[in-house]
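A quick write-up on the structure given underneath.
A short reminder: the numbers here are calculations on the coordinates, not readings from a lab. Because the structure is a prediction, the values reported are computed rather than measured. Backbone-built Cβ (ideal geometry, glycine too); neighbour counts: all protein chains shown.
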Amino acid sequence: MKFICWTLLAINAVLFAFGQGMLGNFRENEREPARMRNQIGAENIKLVAARPPPPPPDTTAEVEPVAPPPTPVLVMSKAPAPAMPKPEPKPEPKPELVACTLVGNFAPPDARRFEAMLAPLALGQRQTRENVGVPEVTSHIVFIPSPGSKEAADRKAAELKELGITSYFIMNDNSPMKYAISLGVFKSETSAQTLLATLTKQGVVGAKVAGRTSQASKMAYRLRALEPAAKAKVDALLARFPDQQARSCK
């Protein structure tokens, strides 16, 4: 404190000496009061005492400690779970195709009708037509089965003559019916059965009716890779032909 006071006194002395030099000599006519009277509006100037310097800070006072800012703490956040990929939509199952269907044994007129009905299905190369030989009953025979030898057949023929039946002949061809005695051949089975009934009344024993077959040329349609809907349409068309049927093939 003493040092500060001495310092202030020295500063005032310097300022006073400086003021003497700036304001002139301290002669009576040049002293500060006279000069101030010579100035215009001197009555408005007031002398203000110098403001004392502020007291030095009290180093003995306790200073409230300032808390340091909190140290930032790095907090590791939990990593987000990886996004699960969206499941791809499952493709719709393809309909099971019918590999091969063989339709009918059509006579030529019926084959043309059936083929015209198939046209709207537009099967293209999946549809083929083929000729097939089908055993077919073409006639019906009334006969007495073979007795096993020519001599036995001759004895049976003699019995027929005694009953008044003359329309017959012994079959000599190399077939399962060799030495059988034919009594009549008819186109329809009904006519054959009528003759058999008549012969039975006349006393003929052991006569019967059988169909005679031959290879007939027919037409069949081979259909491949049919969808279920197409197969159902084919079955509906086939229902218009009661004598025909569909069967699986390779």
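A few notes on this one:
- Rounded, prolate or oblate (a/c below 1.5 giving rounded, otherwise prolate when a/b exceeds b/c) for segment 136-190 by Cα gyration tensor: oblate
- Spread over its residues, the convex hull of the C-alpha atoms of segment 104-250 is 142 Å³ per residue.
- Two-site FRET efficiency, Ala232 against Asp173, from Cβ-Cβ distance with R₀ of 41 Å, rounded to 0.05: 0.25
- 5 angstrom amide H check on Val132, placed H, neighbours 5+ away: Lys218, Met219, Ala220
- For Arg212, distant residues with modelled amide H under 5 Å away: Thr138, Ser139, His140, Ile141
- Measuring against 20 Å, Cα to Cα, the residue pairs Lys90/Lys233; Lys178/Lys218; Lys156/Lys178 contain Lys90/Lys233; Lys178/Lys218 as the ones spanning a longer distance.
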